[in-house]
1. Students often forget the sequence filter, so: which aspartates and glutamates lie under 13 Å Cα-Cα from residue 177 once same-chain residues fewer than 8 apart are removed?
2. Distance check, please: which entries in 72/163; 45/122; 103/176; 114/146; 116/163; 45/176 exceed 27 angstrom between their Cα atoms?
3. Taking 8 Å as the Cα distance limit and 6 or more residues as the minimum spacing, I'd like the relative contact order of the chain as a percentage.
4. About the Cα centre, and with charges only on the beta carbon of Lys, Arg (+1) and Asp, Glu (-1), how big is the dipole of the chain? Nearest 20 debye, please.
5. Calculate the spin-label point distance for residue 98 paired with residue 7, positioning each point 7 Å from the Cα along the beta-carbon direction, and give it in nanometres.
6. Using a 1.4 angstrom probe, figure out how much accessible area the stretch 99-189 has per residue, in square angstrom, rounded to the nearest whole.
7. Using R₀ = 22 Å, calculate the FRET efficiency as 1/(1 + (r/R₀)^6) where r is the Cβ-Cβ separation of residue 157 and residue 46; round to 0.05.
8. Could you work out the helix-only [θ] at 222 nm for the chain, with each DSSP H run of four or more residues adding -39,500 (n - 2.57) and the total divided by the number of residues, to the nearest 500 deg cm²/dmol?
Amino acid sequence: MKGSENEAKYERAIFAGGCFWCMVSPFHVFDGIIDVVSGYMGGHKENPTYEDVKSQTSGHYEVVQITYDPDKIDYDKLLKAFWMQIDPTDPDGQFHDRGPSYKSAIFYTTEEQKEKAEASKKALDASGRFSNPVVTEILPASTFYKAEEYHQDYHEKNPTHYKEDRKISGRDEFIKKHWGEEFWELFDE
């Protein structure tokens, strides 16, 4: 991405959906995605480490920062993919990852993103898809701290451990139950 003449037109989307290992791979597959980086956002400690965040002492969320080309993929599709990756009704974490650092959130970088995120949350809540209310937070983006290198593209670097962790998390069962084939159709659009 560095040095690209197109870099100025790229935009960023930032999502917290529990363990960032599981939030990276679904976005990599879309045309128009430039980069997906695991990191931390929303806390009070400068330059947090994974241990700080995991111990729930820094106030940060585990997030993915997605750099994308808006000429090839729009923010609405990224929002749709985000909602399909998470349990938006869980106020205490995601799947087997518990605690504030694993809560779901959308961090907006522009007013347009804020409006779209709020509209999509309202529509999902009104859809009746879930029996509990949608509690995912919509927050202004703050300083993004890139996670340690061993967390980047973890699903590619450590595929066996990633698959085992994802399998026991309950995420895939939740997606299948609430989205079914609609989840897979998103990737064919």
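The values are calculated or read from the model by the stated rules, or taken from the named source; none is laboratory data. Remember, predicted model here, so these are calculated numbers, not experimental data. Positions of Cβ are generated from backbone atoms using ideal geometry, with glycine treated the same way; all protein chains shown enter the neighbour counts. With ligands, DNA and RNA removed, areas are computed over all heavy atoms of the protein, side chains included. Shrake-Rupley method; radii C 1.70, N 1.55, O 1.52, S 1.80 Å.
1. Hits, sequence-local ones excluded: 87.
2. Correct reply: 72/163; 45/122; 116/163; 45/176.
3. Reported as a whole number, the value is 27 percent.
4. So the dipole magnitude of the chain works out to roughly 440 debye.
5. 4.4
6. Accessible area per residue, the stretch 99-189: 61 Å².
7. For R0 = 22 Å, the calculated efficiency reads 0.25.
8. -10500 deg cm²/dmol
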